[in-house]
């Protein structure tokens, strides 16, 4: 992690907001802060690290210092990768706000064993809540459903369908198209879906440093298929901004989704943007 490029304005914006429905702030990479009309705040996959240069190089600003986060009821992780579970990015939020950390088993193993959050920060073991597919968690005004996703690069990925009186959103983590998505469309009327999108590029191998052809996220055709299977009203592509060599142009998705029944709208956000249900 490095110092915030933007000071504390983004955490202040979340804390000061009084949304009529549900507001979401895009944190870059695959992170979001989500605030409901009653004041409940969720943070999903917040990451303010710089990667592991020269292998993974962050291409966007560090938008906030987690020590500046004053409001959080829960921090949710979709899977165990560093840009989704990262002690310096997330543990200070738990420490400062007494929020719960909600994640599947392999993500919790990173926090408990690999990074030892309870030793490095003032966090109790009780802050950790393990979830798996099929679980339902009530967090303030939100009902969070833990659902199956498909991410072959992760050991135990999950997605979160988040219901609110104002509407329903879905954060799929880094999932590519999944056999579960059509079923989710039958169970939930998803107003806004968050899906990872990126290009195919070369990333240096961890051991040799040699460039390796890498595809971590859905390409244009895959994200279009996933959005259609989920029967999304609004599609928000993410992760396209983050890693050198894997960035992509989300405006290209207009041509890929236009002939399908869903999504009804492609909504492109940049780091720091707010959108509302």
Take the alpha carbon atoms of region 122-166, find their center, do the same for region 221-258, and report the distance between the two centers in whole angstrom.
-> 23
Please give the contour-minus-distance gain from residue 3 to residue 17: 0.36 nm per residue of separation, less the Cα-Cα distance, rounded to one decimal in nm.
-> 2.6 nm
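Specify whether the C-alpha gyration tensor of region 1-114 places it in the rounded, prolate or oblate class, a ≥ b ≥ c being the square roots of the eigenvalues: rounded for a/c under 1.5, otherwise prolate if a/b is larger than b/c and oblate if not.
Working: a/c = 1.85, a/b = 1.27, b/c = 1.46.
Oblate, since a/c reaches 1.5 and b/c is not below a/b.
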Got a sec? How would 244, 35 order by Cβ neighbour count within 10 Å, fewest to most?
-> 244, 35
Of 195, 230, how do they rank once you tally other Cβ atoms within 10 Å and put the fewest first?
-> 230, 195
At 222 nm, what helix-only mean residue ellipticity would the chain give, in deg cm²/dmol to the nearest 500, using -39500 (n - 2.57) for each DSSP H run of four or more?
-> -4500 deg cm²/dmol
Using just the alpha carbons, could you tell me how many Å³ per residue the convex hull of region 203-277 encloses?
-> 106
√(5λ) per eigenvalue of the Cα gyration tensor, the chain, largest first, Å = 25, 23, 18
Extension length gain for residue 244 and residue 106 (0.36 nm per residue less Cα distance), in nm, is 47.0 nm
Mind giving me the FRET efficiency for residue 189 and residue 119? R0 is 41 Å, r the Cβ-Cβ distance, nearest 0.05 is fine.
-> 0.40
Taking the highest mean first, how do the peptides 17-30, 68-81 order by number of other beta carbon atoms within 10 angstrom per residue?
-> 68-81, 17-30
Would you please give the FRET efficiency between residue 57 and residue 252, computed as 1/(1 + (r/R0)^6) with r the Cβ-Cβ distance and R0 = 22 Å, to the nearest 0.05?
-> 0.45
Among rounded, prolate and oblate, which fits region 109-242 when a ≥ b ≥ c are the square roots of the eigenvalues of its C-alpha gyration tensor, a/c under 1.5 means rounded, and a/b larger than b/c means prolate?
-> oblate
When 251, 149 are ranked with the fewest other C-beta atoms within 10 Å first, the list becomes 251, 149
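Every read-out reported here was derived from the displayed coordinates using simple, explicitly stated rules and does not represent laboratory data. This structure is a prediction, so every number in the text was calculated from the model and none was measured. Cβ sites come from the backbone with ideal geometry, for glycine too, and all protein chains shown count toward neighbours.
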